[in-house]
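> Got a structure for you, written out below as structure tokens; questions coming shortly.
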Amino acid sequence: MADSKPRTLFDKVWDAHVVEQLSDGTCVLYIDRHLVHEVTSPQAFEGLRLAGRKVRRPDATIAVADHNIPTEGRANGIKEEDSRIQVETLERNVVEFGVPYFPIMSPQQGIVHIIGPEQGISLPGMTIVCGDSHTSTHGAMGSLAFGIGTSEVEHVLATQTLLQNRAKNMLVRVDGVLPVGCTAKDIVLAIIGIIGTAGGTGHVIEFAGPAIRALDMAGRMTVCNMSIEAGARAGMIAPDETTFAYVRGKPYAPKGEALEQAIDWWRSLPADAGAVYDKTVVLDAATLAPMVTWGTNPEAVVAVTATVPDPAAEPDEAKRAQLARMVEYMGLVPGQKMTDLTIDVVFIGSCTNGRIEDIRAAAAIAKGRHVAAGVRAMVVPGSGIVRDQAEAEGLDKILLAAGFEWREPGCSMCLGMNPDKLTPGQRCASTSNRNFEGRQGPGGRTHLVSPAMAAAAAVTGRITDVRELG
Amino acid sequence: MDKFTTLTGVAAPLPMANVDTDKIIPARFLKTIKRTGLGVHLFDTLRFDADGAERPEFVLNQGPYRKAEILIAHENFGCGSSREHAPWALLDFGIRCVIAPDFADIFHNNTFKNGILPIRLPRAVCDQLMEDARQGDNARLTIDLAEQVVVRPNGERIRFEIDPFRKHLLLNGLDDISQTLQHAPSIDNYEARQVQEKSWMPGISV
Ligand code: SF4
């Protein structure tokens, strides 16, 4: 039986959700929470409609529009017609199928991966899916959370299950204490730099070790958020007292006796002693520096103190060509110091770093300083709740006084589906998660960094080691 | 979904690793509420310049490859976002099979749901097929799913592995939802058990 052998966190959550195992090992896996947004759902609802099917568990589903809504002047409606049609389509679908929805003018609206934990909709031990790869974020709660395609969105809407093969277990243990100036973002960028963008393929990564335990929930979400950039199916962190304290009092979380019952179960989820992982990677947090990506995938990352790598030094021909293309696309010179790169735009936000803790970190750097001449710096809170909280703390005033833009919540320049885009050749220090060619707008050049590093870049006008600003 | 049995066609060589879904279909083309019509934007930035003119050096803009039905690439194909618009764009262009050393998980899953066959073969074999593909129209590849082989123009048969359940669905053009609904009684039982054992789990309503 499954419980005779020591199990990992992933094993336990998986086992608790297997409805049926088919003869070839494929499992019908039960899904506790399904988050739906405007971009990957229209074709799924259309599929249901054509087949005459209903949503099986509207009470396990939540919808929100985030990807292509404007982050300015939202009350006046959405100007871009195709974006407006997608949002209106979602609004029609949630009414027709009875799915709970946070309207775009409500404070609960925000990026789907911010609002799940914030509302207590995403809880430990759950299976959570969404038609978006960064669903891995919710794994910070100690849940199994992963992104799915639109056909699978339709599958979950119709059956509340997915057909899945069990992933392998990978352990990433981060020992030691994180140095001053380094954050969860630097941990996860460093990990991707080590294991590569396909290092986690086929695996669910469990992040563990003292440096992970020491992170608050926001930091844990940042780490799990980017596990997909290492190719992993999901990232998870075992629930602990930090998790339980975070859950307490969240609007949709269980309360009172029900919460205590839930916590009893959640305490049983961490890996058993002797549980076996298919792969293990160990990292010492004490050796880290603030990180910054130089190329066009998140694995192309260096410490801020380093220089642009020289593709000529790469022995493998295909890799050499790829590195050379990155250097060219990014407009770099091999050997150039990262801190010599001047930037045009700063973007602080996204499901990676759009939480209140991130905005506090940016404001701490911005306070008493000013955005450098010629730089456009925008701060986009991850949800209406984050925005309200930041305003209650006066962070908006600090940022505005320093010359930052203070905008309405959404995905914004993380993927440039709304009007917030880079123009060709513009260089951007961004707290988002992807630096692919054209991700933030055609021809745009993205350097991924932490919120403090992004704010530092804004006030100096170049990539800057935040530790030098003190 | 269309069945996938055998396919003989032109293969386009795309010797790139880490072809991400933003490359396959940039985010600005995701604002559709339909599955079709995305083929014209497939590989948009590689295929067209800023003014929308074709880049002649890109493989899909060249003679026989305009009708390619097979794509051959390097490691980690389809990494990045979960957008099913990536396989929709490939399919709409006419690609029914992608061959690479390995694929990103979500993309791999998404191809099957759309009747596209992803084939994993070792890098050295992919490089051989890449050479075949460079001969364009003169070197068609044949994929036989039932037999699980890729047949090279010289007649060599290369075996590939595929999950038996996925193979069954592809060969018969079956969609997953009707398969899963055959297990509806188990799902009912699971839910009944969950109501008992996880009574703490709240429902969502707004
Ligand atoms: S913030 Fe960016 S990565 Fe996150 S859900 Fe939105 S578009 Fe995707």
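The values are calculated or read from the model by the stated rules, or taken from the named source; none is laboratory data. None of the values given here were measured: they were computed from a predicted structure. All Cβ positions, glycine included, derive from the backbone under ideal geometry; neighbour counts span all protein chains shown.
> Considering only residues of the stretch B:170-205 that are surrounded by 13 or more Cβ atoms within 10 Å (Cβ to Cβ) and in contact (Cβ under 8 Å) with a residue 60 or more places away in the chain, which is nearest to residue A:31 (Cα to Cα)?
Step by step, filter the stretch B:170-205, then rank; the result is B:176.
> Report yes if residue A:467 is closer than 21 Å to residue A:185 by Cα and buried (at least 22 other Cβ atoms within 10 Å of the Cβ), otherwise no. Walk me through it before giving the result.
On the way: closer than 21 Å to residue A:185 by Cα: yes; buried (at least 22 other Cβ atoms within 10 Å of the Cβ): no.
So residue A:467 does not fit the description; no.
> What are the residues in the stretch A:47-80 that are surrounded by fewer than 16 Cβ atoms within 10 Å (Cβ to Cβ) and at the interface with another protein chain (Cβ under 9 Å from one of its Cβ atoms), if any?
Across the stretch A:47-80, the qualifying residues are A:51, A:59, A:80.
> For the stretch A:65-72, state whether one or more residues are more than 16 Å from the ligand (Cβ to nearest atom) and at pLDDT 95 or above.
No, the stretch A:65-72 has no match at all.
> Working only within the stretch B:182-206, note down all residues that are within 7 Å of chain A (Cβ to nearest Cβ), farther than 18 Å from residue A:16 by Cα and of a type in the set (S, T, N, Q).
B:205
> Starting from the stretch A:150-169, take each residue that is closer than 13 Å to residue A:20 by Cβ and free of Cβ contacts under 8 Å to residues at least 40 places away in the same chain and list its partners that are polar (S, T, N, Q) and surrounded by fewer than 23 Cβ atoms within 10 Å (Cβ to Cβ), counting only C-beta distances under 6 angstrom and pairs at least six apart or across chains.
Final answer for the pair search is none.
> If a residue counts only when it is modelled with pLDDT of 95 or more and closer than 30 Å to residue A:104 by Cα, which strands (runs of 3 or more DSSP E) contained entirely in the stretch A:1-62 have at least 3 such residues? Can you show your working first?
Numbers: elements: A:18-21, A:27-30, A:33-36.
Strands (runs of 3 or more DSSP E) meeting the threshold: A:33-36.
> Suppose we filter A:401, A:362, A:372, A:390 for residues that are within 24 Å of residue A:468 (Cβ to Cβ) and either buried (at least 20 other Cβ atoms within 10 Å of the Cβ) or within 13 Å of the ligand (Cβ to nearest atom) (or both); which single one remains? It would help to see each step written out before you state the result.
Numbers: A:401 fails: either buried (at least 20 other Cβ atoms within 10 Å of the Cβ) or within 13 Å of the ligand (Cβ to nearest atom) (or both); A:372 fails: either buried (at least 20 other Cβ atoms within 10 Å of the Cβ) or within 13 Å of the ligand (Cβ to nearest atom) (or both); A:390 fails: within 24 Å of residue A:468 (Cβ to Cβ).
Just a single option satisfies the conditions, and that option is A:362.
> Does any residue of the stretch A:404-425 turn out to be touching a strand residue (DSSP E or B) at 6+ places or on another chain (Cβ under 8 Å), within 14 Å of chain B (Cβ to nearest Cβ), more than 16 Å from the ligand (Cβ to nearest atom) and modelled with pLDDT of 95 or more? Let's see the steps before the verdict.
Our first condition is that a residue be touching a strand residue (DSSP E or B) at 6+ places or on another chain (Cβ under 8 Å); within the stretch A:404-425, this holds for A:404-407, A:409-410, A:412-414, A:420, A:422, A:425.
With the extra rule that they be within 14 Å of chain B (Cβ to nearest Cβ), the set shrinks to A:410, A:412-414, A:420, A:422, A:425.
Remaining after also requiring more than 16 Å from the ligand (Cβ to nearest atom): A:425.
The next check asks that each one be modelled with pLDDT of 95 or more; those that pass are A:425.
Scanning the stretch A:404-425 turns up at least one residue that is touching a strand residue (DSSP E or B) at 6+ places or on another chain (Cβ under 8 Å), within 14 Å of chain B (Cβ to nearest Cβ), more than 16 Å from the ligand (Cβ to nearest atom) and modelled with pLDDT of 95 or more.
> Taking the stretch A:227-258 as the region of interest, how many residues are crowded, with 18+ Cβ neighbours inside 10 Å and outside any helix (DSSP H, G or I)?
So the answer is 12.
> Would you be able to tell me the number of residues in the stretch A:183-203 that are more than 9 Å from chain B (Cβ to nearest Cβ) and surrounded by fewer than 24 Cβ atoms within 10 Å (Cβ to Cβ)?
Total meeting the criteria: 5.
> While we're here: Considering only the stretch A:91-107, state which residues are within 16 Å of the ligand (Cβ to nearest atom) and touching a strand residue (DSSP E or B) at 6+ places or on another chain (Cβ under 6 Å).
Scanning the stretch A:91-107 gives a single hit, A:102.
> Contact list please: Cβ distance under 7 Å, first residue in the stretch A:10-37 and more than 9 Å from every other protein chain (Cβ to nearest Cβ) and without any contact (Cβ under 8 Å) to a residue 12 or more places away in the chain, second residue hydrophobic (A, V, I, L, M, F, W, C) and away from the ligand (no atom under 16 Å from the Cβ), pairs at least six apart or on different chains.
Pairs that qualify, where the first residue is more than 9 Å from every other protein chain (Cβ to nearest Cβ) and without any contact (Cβ under 8 Å) to a residue 12 or more places away in the chain and the partner is hydrophobic (A, V, I, L, M, F, W, C) and away from the ligand (no atom under 16 Å from the Cβ), are A:21/A:27.
> Need the failing condition index for residue B:18 against (1) in contact with a Ser or Thr (Cβ under 7 Å, 6 or more places away or on another chain); (2) within 16 Å of the ligand (Cβ to nearest atom), just the number.
Condition not satisfied by residue B:18: (2).
> Hey, could you check the stretch B:1-16 for residues that are surrounded by fewer than 18 Cβ atoms within 10 Å (Cβ to Cβ) and either in contact with a Phe, Trp or Tyr (Cβ under 7 Å, 6 or more places away or on another chain) or hydroxyl-bearing (Ser, Thr, Tyr) (or both) and say which is farthest from the other protein chains (Cβ to nearest Cβ)?
The qualifying residue farthest from the other protein chains (Cβ to nearest Cβ) is B:8.
> Scan the stretch A:75-118 residue by residue and report those that are closer than 19 Å to residue A:45 by Cβ, part of a helix (DSSP H, G or I) and touching a helix residue (DSSP H, G or I) at 6+ places or on another chain (Cβ under 8 Å).
Within the stretch A:75-118, A:86, A:89, A:90, A:93, A:96, A:97, A:112 qualify.
> For the stretch B:17-71, what are the residues that are aromatic (Phe, Trp, Tyr), away from every other protein chain (no Cβ under 13 Å) and in contact with a strand residue (DSSP E or B) (Cβ under 8 Å, 6 or more places away or on another chain)?
Applying the first criterion (aromatic (Phe, Trp, Tyr)) to the stretch B:17-71 yields B:29, B:43, B:48, B:58, B:65.
Still in the list and also away from every other protein chain (no Cβ under 13 Å): B:58, B:65.
Selection gives B:65 alone.
> Considering only the stretch B:119-133, state which residues are away from every other protein chain (no Cβ under 13 Å) and surrounded by 15 or more Cβ atoms within 10 Å (Cβ to Cβ). Give the derivation first.
To start, the set of residues in the stretch B:119-133 that are away from every other protein chain (no Cβ under 13 Å) comprises B:119, B:121-122, B:125, B:128-129, B:131-133.
Within the stretch B:119-133, B:119, B:121, B:125, B:128, B:129, B:132, B:133 meet the criteria.
> Still on this structure: Are there helices (runs of 4 or more DSSP H) fully within the stretch A:125-218 with at least 1 residues that are within 16 Å of the ligand (Cβ to nearest atom)? List them. Write out each step before concluding.
On the way: elements: A:150-159, A:184-195, A:210-213.
In the stretch A:125-218, A:150-159, A:184-195 are the helices (runs of 4 or more DSSP H) which contain 1 or more residues that are within 16 Å of the ligand (Cβ to nearest atom).
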